[in-house]
Amino acid sequence: MLALPAVDRAAQELQEHALALGFDVAGWAGAEVPRQVWQEYGAWLAAGRHAGMDYLETGAWRRADLSSSLLASQGAGQVLALGISHAFAAPEKPAGGVRLGRVARYAWTPDYHAQIEPLLAALSDHARRLGIRARGYVDYGPILERDLAGRAFLGWRGKSGMLINTELGAFVTLAVLITDLPSSPAAEPGLLYPEALHPDRCGRCSRCVQACPTQAIGDDRAIDARRCISYLTIEHRGPVDWALRPALGDWLLGCDICSAVCPWTQKAGAVASRLQPDPELAWPDMLGFFGLSERDFLRRYQHAAHARPRRKGMARNALTVVGNLAGRLEGAEQIRPLLALGCQDPAWEVREAVAYALGRWQDWAGLEALLGDSDERVRKAAQRGIQGGL
Ligand code: SF4
Ligand code: SF4
């Protein structure tokens, strides 16, 4: 067997070091994004399917070509795509509080950025010792991680739009290490071989598309954020379209449905070993979103994805969940305090959301009281609640 060139040996060592540090999968891909991927991304943006995430548009030109932006002076050649599982077993609900809403798995662990960054820093240090310039990113910055991971042979883009790995399923947090290594087309797929695309293993399955409660997944394996519960509960500011609210179900933060129903996820099981879930993040007390200043809320959740929608976003989400649980809870005792706090909330978006919840619970007295609210948007919502959400 021919000896690998020195550059390949260094790349292989870095890949092995990534796995030793705790990443579940690692593979190499070229830094330059293929034209087709870039065109698809541009079309997705042009169609407005990124909803209010304007920052995706602003940084779009940089996403096109990592080689020209991230290791500016020297140029990036190869990227080590990395994945770490967040397929946790569900932790038990903590005692006390009102814990009725579901949180997407990735948010069960205290800030995964903070947990993955030290691994990337250790990997960058190791790269430096091997004479490689490197820079790590995890879920921020101008990176098309799923494209890179697909070209690095870590998996394929499923019909859900998520990266699917045969061993880990869909619950994978992606990160990348951008390096100045040159490419080497002689090596194996996933190891300095930028053209290797993982085969599509979706076959005739379309469980994710059928299970999505808001029909957010397109035929082109791309998600329309304007309809996706993840976007609506995390990134969207202000009231959610009333027509979509019932489909949000009991999702308080994010949505796991399309990933959870995937047969590859189910086959993998609870494989997360490096990251650990925190029951207080998996089952937050919804009362804790009320009666706090935005600043105190951010201090409380500073290491969690829960901080992203901010306090008023989480309070809004909690009230949507409360509304959607009408007819599904034994009694209203648990949710009464939430409705009362919602009616008194300083943020109009939260009082707007309580009108939806009151309408679903047919609390006409509560809605009558909201008709006297100081904000016209809340009064309109109360009227709508009285009319059955029309
Ligand atoms: S995360 Fe939920 S709402 Fe979004 S596409 Fe998947 S199933 Fe649909
Ligand atoms: S649920 Fe089925 S169609 Fe969807 S990503 Fe998984 S394998 Fe593919």
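The Cβ shell under 12 Å around residue 379 holds other residues with a net charge of -1, Lys and Arg each +1, Asp and Glu each -1.
Scanning the chain for cysteines with no neighbouring cysteine C-beta under 4.7 angstrom from their C-beta gives 202, 205, 212, 228, 255, 262, 343.
Straight Cα distances below 12 angstrom link residue 267 to the aspartates and glutamates 167, with same-chain residues fewer than 8 positions distant left out.
Evaluating kT/(6 pi eta Rh) at 4 °C and 1.567 mPa s, with the Kirkwood radius of region 195-324 over Cα pairs in the Stokes-Einstein relation, gives 78 µm² s⁻¹. Global dimensions of region 319-390 from alpha-carbon coordinates: Rg and Dmax equal 10.9, 34 Å.
Build a GNM of the chain with springs between Cα atoms under 10 Å apart, and of 284, 34, 337 the one that fluctuates most is 337.
Listed from fewest to most Cβ neighbours within 10 Å, the set 312, 267, 93 follows the order 267, 93, 312.
Here r is the Cβ-Cβ distance between residue 219 and residue 328 and R0 is 51 Å; the resulting FRET efficiency, rounded to 0.05, is 0.95.
Per-residue ellipticity at 222 nm, computed for the chain from helices alone with -39500 (n - 2.57) per DSSP H run of at least four residues, works out to -11000 deg cm²/dmol. Divided by 2.2 N^0.38 Å, where N counts the residues, the Cα radius of gyration of region 235-299 comes to 1.47.
Annotation for residue 205 and residue 308: the two label points, set 7 Å from Cα along the Cα-Cβ direction, are 2.4 nm apart.
Can you give me the convex hull volume of the Cα atoms of the chain, divided per residue and expressed in Å³? It would help to have the intermediate numbers written out before the result.
Values: hull volume 58.6 nm³, N = 390.
Looking at the chain, the number lands at 150 Å³ per residue.
For region 206-258, the alpha-carbon coordinates run over 31, 19, 18 Å along the three principal axes, in decreasing order. If you build a Gaussian network model of the chain, linking Cα atoms that sit under 10 Å apart, which residue out of 368, 145, 349 swings the most? Evaluated over the chain, the most mobile residue of the options is 368. When the convex hull of its Cα atoms is viewed from all sides, region 281-336 shows a mean projected area of 4.0 nm².
Grab the Cα-Cα distance for residue 90 and residue 375, subtract it from 0.36 nm times how many residues apart they are, and report the gain in nm with one decimal. It would help to have the intermediate numbers written out before the result.
On the way: separation 285, 0.36 × 285 = 102.60 nm, distance 4.05 nm.
Extra length from residue 90 to residue 375 when fully extended: 98.6 nm.
Read-outs throughout are calculated quantities, based only on the coordinates presented, and are distinct from any laboratory measurement. This structure is a prediction, so every number in the text was calculated from the model and none was measured. Reconstructed Cβ throughout: ideal geometry from the backbone, glycine too, with neighbour counts over all protein chains shown.
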